[in-house]
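Data block below; observations after.
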Amino acid sequence: MDWNDLSYFAAVAETGSTMAAGQRLGVSQTTAARRVAVLEVALGVRLFERLPSGYRLTEQGRALLPFALEMRRTAEELVDAASAAVRDVSGTVRLTAPEVIAVTVLTPILGDFHDAFPSIRIEMDTSDAVRDLAAGAADIAIRVCVRPDGAGLVARRVATDNWTVYCSRGYAERRGRPRRRSELPGHTLIGGGEAGIRRYYQAWLDGNGLSDAVAMNHDTSIGLLAAVRAGIGIAALPCIVADGDPDLLRCLRPDQGNERGIWLMTHEQLRTSPRIRTTLDFLADRLTRLGRHYDRNDAK
């Protein structure tokens, strides 16, 4: 027996017709009639008399209806209790993420999260050190890598870690906006970045003969972002960060075939915790939608 069919039984009994029951349940009259018929076969009893005026309960139907109504009431209470549990979820969630993502992308997302779940407190960690989730150093991590490793970790890729070259609108007005790599020589470049990306960025600069054009080096991506915003020069920045800044302009399309991703992670022992599950689901939804948005921009 399909337990859902009890809701059709109850609705037809209360309204007296499959049409009215279907309207109440948001299905067609045919579906309501078919589900009642299936239930009758499963129970081995005839629940209704089919009359020109509608459906009328049989003696067996009248005897069984209270059980169906009680089960429907219990199901509704279960849904209400589950909804209350989600609304009332509380506690502290320790979230670690790269600083450039934390202070740009995550700031508005976490603002919306607080509005939705004010009883959950976020403790933000933007250290460059990789926190050991298995050891309890953090509850949730946002990491940038090809594929995360570590025993007992649960990870979901939410976006591609594409980078490309950006300048500010003010810089473009003064110096022009380069559209091709061949146009980059002669522009002011900003180099550096944290250890995780510095060697890749430097290799790209060397490979394009741009090392001598670097006028300033920053040791963090947030430093690169600040220098570009100030109009000092051009630098490579993560698309998920820079595309959302109205003062920044893309100069080149990102390189295709990048394998690095942005991953949302926790330890398997924490994934069923209400506060962790709630935070993971919210972040995954928002980051995935954001990643799809700038992926569409990359294709243009």
> Roughly how many percent of the accessible protein surface of the chain is carbon and sulfur, given a 1.4 Å probe and a whole-percent answer?
Replying inline: 51
> Around C251, which amide H atoms from residues at least 5 apart in sequence, or from another chain, sit under 5 Å from its own amide H, with H modelled in the peptide plane?
Replying inline: V165, Y166, C167
>> So, for the stretch 103-262, what is the accessible surface per residue at a probe of 1.4 Å, expressed in square angstrom?
In response: 49
> Of the listed peptides 228-234, 169-175, 21-27, what is their order by residue-averaged count of other C-beta atoms within 10 Å, with the highest listed first?
Replying inline: 228-234, 21-27, 169-175
>> Only bridges whose two residues both fall in the chain count here: according to DSSP, what percent of them are antiparallel, nearest 5?
In response: 65
> Length gain on complete extension for the stretch A81 to D219, per 0.36 nm per residue less the alpha carbon to alpha carbon distance?
Replying inline: 44.7 nm
>> Report the Cα centroid-to-centroid distance between the stretch 20-72 and the stretch 159-202 in angstrom, as an integer.
In response: 68
> So which helices of the chain fit the span-like rule, where a helix is a whole DSSP H run, its Cα atoms reach 20 Å or more along the axis, and its mean Kyte-Doolittle is at least 0.0?
Replying inline: 29-43
> Kirkwood-based Rg over Rh for the stretch 99-239 (C-alpha set), two decimals?
Replying inline: 1.03
> Measuring from label point to label point, each 7 Å out along Cα→Cβ, what is the D132 to R289 span in nm?
Replying inline: 3.8
> Between [x] 17.7, 51; [y] 19.1, 59; [z] 28.9, 93, which matches Rg and Dmax of the Cα atoms in Å calculated for the structure shown?
Replying inline: [z]
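Sort 254-261, 219-226 by packing, meaning the average of other beta carbons within 10 Å per residue, with the highest value first.
Numbers: 254-261: 12.9, 219-226: 20.5.
Top to bottom by mean Cβ count within 10 Å: 219-226, 254-261.
Rounded to the nearest 5, what % of the DSSP beta bridges within the stretch 41-177 are antiparallel ones? If you can, show how the numbers build up before the last one.
Values: 4 of 12 bridges.
Looking only at bridges with both residues in the stretch 41-177, the antiparallel portion is about 35 percent.
Defining a contact as two alpha carbons under 8 Å apart and six or more residues distant in sequence, what relative contact order in percent does the stretch 105-199 show?
Details: 21 pairs, mean separation 12.7, N = 95.
Averaging sequence separation for qualifying contacts and normalising by length gives 13 percent for the stretch 105-199.
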>> Going by amide H atoms built from the backbone, whose H comes under 5 Å of the H on T188, apart from near neighbours?
In response: I234
>> Let me understand the stretch 110-176 better: what is its radius of gyration from the alpha carbons, and its Dmax, in angstrom?
In response: 17.8, 52
> Applying the Karplus parametrisation 6.51 cos²θ - 1.76 cosθ + 1.60 with θ = phi - 60° to the phi angles of the stretch 252-266, what ³J(HN,Hα) value in whole Hz is obtained for each residue in order, glycine and proline being reported as x?
Replying inline: 10, 6, x, 5, 7, x, 5, 8, 6, x, 9, 10, 9, 9, 8
> What relative contact order, as a whole-number percentage, does the chain give when Cα pairs under 8 Å and 6 or more residues apart are counted?
Replying inline: 20
> Is the stretch 195-296 best put as rounded, prolate or oblate by its Cα gyration tensor, with a ≥ b ≥ c the root eigenvalues, rounded for a/c under 1.5, and otherwise prolate when a/b is larger than b/c, oblate when not?
Replying inline: prolate
> Which whole-Hz ³J(HN,Hα) couplings does the stretch 177-187 yield from phi under the Karplus relation 6.51 cos²θ - 1.76 cosθ + 1.60, θ = phi - 60°, glycine and proline marked x?
Replying inline: 10, x, 10, 10, 4, 5, 8, 6, x, x, 8
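The values are calculated or read from the model by the stated rules, or taken from the named source; none is laboratory data. Quantities reported herein were computed from a predicted structural model and do not represent experimental measurements. Methodologically, a virtual Cβ is constructed for each residue, glycine included, from the backbone with ideal geometry; neighbour enumeration extends over all protein chains shown. Note: areas computed on protein heavy atoms with side chains; ligands, DNA, RNA excluded. Shrake-Rupley method; radii C 1.70, N 1.55, O 1.52, S 1.80 Å.
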